[in-house]
């Protein structure tokens, strides 16, 4: 998983209230370009950190996943090159089950 620091973490934190939101609102909240946020949201969804939610399939609404919450909370571990971040997150996910 290749994340863009700090923007991807800012997106995850903006959604960490567990409410759904769209690119225009997230961009305004974190003071970033909307079109750039539109490119990052599907990438984060592909990583399993966000999920696309309704009411319509192409509504552009996203919500954070459990994995996304963990990633948002551990930016410091992601930035530590001595740690395998994906293994770290997967270990946390399986220990919570």
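The values are calculated or read from the model by the stated rules, or taken from the named source; none is laboratory data. What you see is a predicted model, and the numbers here were worked out from it, not measured in a lab. Because the Cβ atoms are built from the backbone with ideal geometry, glycine has one as well, and the counts that use them run over all protein chains shown.
Odds and ends about this structure:
- Subset of segment 80-97 that is touching a helix residue (DSSP H, G or I) at 6+ places or on another chain (Cβ under 9 Å) and surrounded by 10 or more Cβ atoms within 10 Å (Cβ to Cβ) - its residue that is nearest to residue 3 (Cα to Cα): 85
- Of the helices (runs of 4 or more DSSP H) entirely within the chain, those holding at least 1 residues that are under 12 Å from the mean Cα position of the chain (by Cα) and modelled with pLDDT of 95 or more occupy 7-15, 23-30, 34-46, 66-73, 75-78.
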